[in-house]
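Before any comments, here is the structure.
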Amino acid sequence: MVSIAIDGPAGAGKSTIAKLVAEKLGYVYVDTGAMYRSIALYFLNNDIDCEDEQAVLSACQNINVEIKYEEGVQQVYLNGENVSTAIRQETVGNMASKVAAKKPVRELLLQLQRDIAASKDVIMDGRDIGTFVLPNADVKIYLTASVKTRAKRRYDQLVEKGETPDISKIEADIEQRDYQDMNREIAPLKQADDAIYLDTSDMSIDEVVEFISSKTK
Ligand code: DC
């Protein structure tokens with residue numbers, strides 16, 4: 001099996017790029033952030049305080065996350081319910097960054113991620129894929145862009161959806177998530193020693209897709 005690991009901070013364009021590379025190469029795109037988001041949704045819906053260790057532990061025992069591919073698109077099921085749309089809210093993303101720092105949460109998802117990569121050619125994106133989940137990935141990319149560029153991209157996406165976002169709030173959320181994701185104790189976001197660093201601030205989507213695809217040849 002071939003695997004491409006893409007790590008990087010929030011809003012770097014990982015999912016957009018990974019989807020296109022997957023299409024081009026005929027691989028399966030695995031969005032691990034969606035798995036953390038589904039757990040965050042459970043915490044939000046059930047009012048679970050992620051600073052309460054016991055509550056986190058027992059919540060994790062009640063959570064079942066499943067990944068299915070329907071017409072080639074990843075669907076996330078939380079305790080049997082398809083939550084693929086619900087997890088896209090900003091509040092869920094911000095909560096995901098908090099729950100992802102908790103050990104029982106990471107343990108719950110690790111095997112699921114490794115099992116998928118063991119059965120298919122994958123391009124998997126997240127924060128700890130090249131460093132921890134798939135240390136032997138064939139290609140590792142650390143994809144990033146400046147905070148300003150990432151905030152502007154997110155802003156444009158939300159405007160396109162008909163929302164009226166506040167760009168300074170988006171920037172502040174991105175900075176906070178970067179800090180949380182890079183400074184947690186377990187599997188923090190960092191570039192793997194053997195990963196290629198790619199700053200996409202001044203690159204087009206096509207250029208990035210072409211660059212990553214060329215590394216698998
Ligand atoms: O990529 P995303 O915005 O969907 O991810 C949501 C959060 O999940 C992110 O802020 C940190 C966490 N996450 C993680 O800790 N490890 C991963 N492999 C993927 C996501």
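The values are calculated or read from the model by the stated rules, or taken from the named source; none is laboratory data. Because the structure is predicted, anything quoted here is derived from the model rather than measured. Methodologically, a virtual Cβ is constructed for each residue, glycine included, from the backbone with ideal geometry; neighbour enumeration extends over all protein chains shown. Remember, those area values only see protein heavy atoms, side chains included, never the ligands or the DNA or RNA. Shrake-Rupley method; radii C 1.70, N 1.55, O 1.52, S 1.80 Å.
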*asked:* Tell me the carbon and sulfur percent of the accessible area for the chain, rounded to whole percent, probe radius 1.4 Å.
replied: 48 percent
*Expressed as a whole number of Å, what is the distance separating the alpha-carbon centroids of region 1-66 and region 157-171?*
22 Å
*For the chain, report the translational diffusion coefficient in µm²/s to the nearest whole number, using Stokes-Einstein at 37 °C, 0.692 mPa s, and a Kirkwood Rh over Cα pairs.*
187 µm²/s
*Å² per residue, accessible surface of region 68-217 at 1.4 Å*: 54 Å²
*Taking the radius of gyration and the Kirkwood hydrodynamic radius from Cα positions alone, what is the Rg/Rh ratio for region 1-106, to two decimal places?*
0.99
_Equivalent ellipsoid semi-axes - Cα gyration tensor, region 2-57, angstrom_ = 31, 11, 10
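Can you check what the net charge comes to around A55, using other residues whose Cβ is under 11 Å from the Cβ of A55 (Lys, Arg +1; Asp, Glu -1)?
Values: positive: K102; negative: D47, D49, E51, D52, E53.
Every neighbour counted, the sum reads -4.
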*Give me the Kirkwood hydrodynamic radius of region 53-139 in Å, from all C-alpha pairs, to one decimal place?*
14.4 Å
*asked:* If you build the convex hull over the alpha carbons only and average its shadow over all orientations, what do you get for region 145-217? Give it in nm² to one decimal.
replied: 6.5 nm²
